[in-house]
Amino acid sequence: MAAEDVRALELDDIQNGVLHPRPVPYVATYLVLRIDDSRGGRAMLRELIPSIASAADPTSPERDAWLSVALTYQGLAALAVSRASLDSFAPEFREGMAARATLLGDVGDSSPARWEKPFGTADVHVLLTAISPDLARRDDLLERAREAYRHTAGVEVIYRQDAQVAATGREPFGFADGIGNPAVEGSGIASSNPRERPLNAGEFVLGYLDETGALPALPQPDVLGRNGSYVAFRKLHQRVAAFRQYLSAQSSDPEEQELFAAKMVGRWRSGAPLALSPEYDDPALGADPSRNNDFLYHDDDPRGLRCPVGSHIRRANPRDAFKDELIGVNRLHRMIRRGTTYGPPLPEGVREDDGADRGTVFVFVGAHLGRQFEFVQTQWVNGGVFLGAPGEKDPLVGANDGSGTFTIPRVPVRRRLHALQRFTTTRGGEYCFVPSLSALRWLASGFR
Ligand code: HEM
């Protein structure tokens, strides 16, 4: 291995949004921009660069608010990046999320034909994210972004999505979220799971060794690819009333209802994991970051008697479940999630749909769209082969069609829930690339 392969993470060149956890509480705004003129696009980037935070000083409170910029394949083309360079990006990114809809389970109401415009069209070029613990700093970031595009001919904002944490701190189905994320070697940010070794930086940032010991393919030229990451951005509408109706129809009393809800997620509403508290919710455990992610499955709960093998969190991160077969295979499918929630919460106890749009802006960050996001989405969320239940999908976010089942292992007899519907609808999404700060400067300067 060449010495230069084992590089320290260049935090001052990586965008903060890649490595920094989402602040709590938070307010966020996502803007989509279209570039009609490559010179205008480059001018806008030039103005924007001073406001884009790097990942340096990871523990500074200033890092809790940031502006980040990501580009789609069409966006790079709109900036007049060369054909050879465009061709060097990952195939999933080049194709775009809409082209991969069937594979991802984005069918029926979730199909690109039904997506909110401009998602899935060739108009989505730039995705700007402004995120902050408070409204004042979010607005300040947006104002700085506005300064960059306001006076630039040939650049237009074509979509805006606001997001904010609910007063309860929970996502729309009513669960604490944003708990489990992998730690990145060299990021300076501690692991939320003391039993998970930080992952090699190349799993999340291009230009570094990944868990296979290889350097992932770098988009060319090096200055463009190095210190960049891929993003899967998805607006997922949540059918909260349908979720509540389903739970009450399946259970005999409110206590059982809460148990089934927890079994579907793998955590109680407070965030307390079933792996550590299988019988009842334990809000103190849920709120304690030193304990709420400190567990594995293989030795403590091999059959899923506490946390069902088919639950959302165990599918999305089976941790050490494959220990016997191949040590560490799960490390090839880890995902950084930077999601936020949007829309007004459905008031407690309401079971009728009020027609409001609410859900999660799901944001995956990593170096491998294919073996991380797409693998988890297709094989673990929407597939059941790996857990020996080929017909089952994720009960919370899987592409169920009303005939789905969810198995809850129990002794002496397992319990099986039937007639699972789809509780989330994809309203749009894009694959993006988050360039490093030097790549942004290279793009802004017309490739010099
Ligand atoms: C609206 C859709 C979704 C909702 C409401 C949702 C909700 C949740 C909740 C409540 C948790 C537990 C708390 C936490 O660790 O953050 C969680 C964890 C997680 N979710 Fe989701 N999720 C959604 C979509 C997805 C999708 C589509 C994927 C993957 C493609 C995914 C991957 C994960 C992962 C990797 C974890 C962490 C698991 C762990 O490390 O234990 N989620 N999600």
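The values are calculated or read from the model by the stated rules, or taken from the named source; none is laboratory data. As the structure is a prediction and not an experimental result, all values here were calculated from the model. Note that we place each Cβ from the backbone using ideal geometry, even for glycine, and neighbour counts take in every protein chain shown. Note: areas computed on protein heavy atoms with side chains; ligands, DNA, RNA excluded. Shrake-Rupley method; radii C 1.70, N 1.55, O 1.52, S 1.80 Å.
Residues of segment 112-157 that are touching a residue at least 40 places away in the same chain (Cβ under 8 Å), open to solvent by less than 50 Å² (accessible area, probe 1.4 Å) and among the β-branched types (Val, Ile, Thr): 124, 126, 129, 131, 152, 155. Filtered by the rule that a residue be within 13 Å of the ligand (Cβ to nearest atom), in a loop (DSSP other than H, G, I, E, B) and more than 30 Å from residue 238 (Cα to Cα), segment 150-204 gives 195, 196. A search for C-beta distances below 7 Å between a residue of segment 368-381 that is free of Cβ contacts under 8 Å to residues at least 24 places away in the same chain and any residue that is surrounded by fewer than 17 Cβ atoms within 10 Å (Cβ to Cβ), counting only pairs 6+ apart in sequence or on different chains, returns 379/386. Just so you know, in segment 387-432 the residues that are open to solvent by less than 60 Å² (accessible area, probe 1.4 Å), in contact with a His (Cβ under 6 Å, 6 or more places away or on another chain) and closer than 28 Å to residue 369 by Cβ include one that is nearest to the ligand (Cβ to nearest atom), and it is 396. Scanning segment 301-317 for residues that are part of a loop (DSSP other than H, G, I, E, B) and either more than 9 Å from the ligand (Cβ to nearest atom) or of a type in the set (A, V, I, L, M, F, W, C) (or both) gives 301, 302, 303, 304, 305, 306, 307, 308, 309, 310, 311.
Whether a residue is of a type in the set (Asp, Glu) and more than 26 Å from residue 178 (Cβ to Cβ) was assessed, and residue 64 does not pass this test. If the condition is being open to solvent by less than 30 Å² (accessible area, probe 1.4 Å) and of a type outside the set (Ser, Thr, Tyr), then segment 177-195 contributes 180, 182, 183, 184, 193. Of all residues in segment 433-448, those that are within 26 Å of the chain's Cα centre (by Cα), in a loop (DSSP other than H, G, I, E, B) and surrounded by fewer than 21 Cβ atoms within 10 Å (Cβ to Cβ) total 0.
Given the condition of a type in the set (D, E, K, R) and more than 28 Å from residue 25 (Cβ to Cβ), answer yes or no: does some residue in segment 219-234 qualify?
yes
Any idea how many residues of segment 200-214 are open to solvent by less than 10 Å² (accessible area, probe 1.4 Å) and either among the charged types (D, E, K, R) or at pLDDT below 95 (or both)? Of the residues in segment 200-214, 2 are open to solvent by less than 10 Å² (accessible area, probe 1.4 Å) and either among the charged types (D, E, K, R) or at pLDDT below 95 (or both). Residues in segment 2-56 that are touching a residue at least 60 places away in the same chain (Cβ under 8 Å), more than 16 Å from residue 434 (Cβ to Cβ), of a type in the set (A, V, I, L, M) and part of a loop (DSSP other than H, G, I, E, B): 6, 8, 24. Checking the structure you have, find out if any residue of segment 63-77 is more than 23 Å from residue 364 (Cα to Cα) and either open to solvent by 10 Å² or more (accessible area, probe 1.4 Å) or among the charged types (D, E, K, R) (or both). Checking segment 63-77: not a single residue is more than 23 Å from residue 364 (Cα to Cα) and either open to solvent by 10 Å² or more (accessible area, probe 1.4 Å) or among the charged types (D, E, K, R) (or both).
Just name the residue that is nearest to the ligand (Cβ to nearest atom) out of those in segment 215-265 that are in contact with an Asp or Glu (Cβ under 9 Å, 6 or more places away or on another chain) and open to solvent by 40 Å² or more (accessible area, probe 1.4 Å). Spell out the reasoning first.
Step one: filter segment 215-265 for residues in contact with an Asp or Glu (Cβ under 9 Å, 6 or more places away or on another chain), giving 215-216, 220, 226-227, 230-235, 237-242, 245, 247, 250-251, 258-259, 262, 264.
Still in the running and open to solvent by 40 Å² or more (accessible area, probe 1.4 Å): 215, 220, 226, 239, 245, 250, 258-259.
Numbers: 215: 25, 220: 29, 226: 26, 239: 10, 245: 17, 250: 18, 258: 14, 259: 16 Å.
Of everything passing the filter in segment 215-265, 239 is nearest to the ligand (Cβ to nearest atom).
Taken over segment 333-371, the residue count meeting the criterion of being open to solvent by less than 10 Å² (accessible area, probe 1.4 Å), near the ligand (Cβ under 9 Å from one of its atoms) and either of a type in the set (Gly, Ala, Ser) or over 23 Å from residue 170 (Cβ atoms) (or both) is 1. Within segment 382-421, restricting attention to residues that are assigned to a loop (DSSP other than H, G, I, E, B), modelled with pLDDT of 95 or more and of a type in the set (A, V, I, L, M), the residue that is farthest from the chain's Cα centre (by Cα) is 399.
Collect the residues in segment 349-385 that are in contact with a Pro (Cβ under 8 Å, 6 or more places away or on another chain) and not β-branched (Val, Ile, Thr), keeping them in residue-number order.
If the condition is that a residue be in contact with a Pro (Cβ under 8 Å, 6 or more places away or on another chain) and not β-branched (Val, Ile, Thr), then 356, 358, 359, 367, 368, 370, 380, 383, 384 are the ones that fit.
In segment 1-47, the residue that is most open to solvent (accessible area, probe 1.4 Å) out of those that are of a type in the set (A, V, I, L, M, F, W, C), over 18 Å from residue 59 (Cα atoms) and at pLDDT below 95 is 1. Residue check: residue 328 meets all listed conditions (1) of a type in the set (Gly, Ala, Ser); (2) buried (at least 17 other Cβ atoms within 10 Å of the Cβ); (3) at pLDDT below 95 but one, namely (2).
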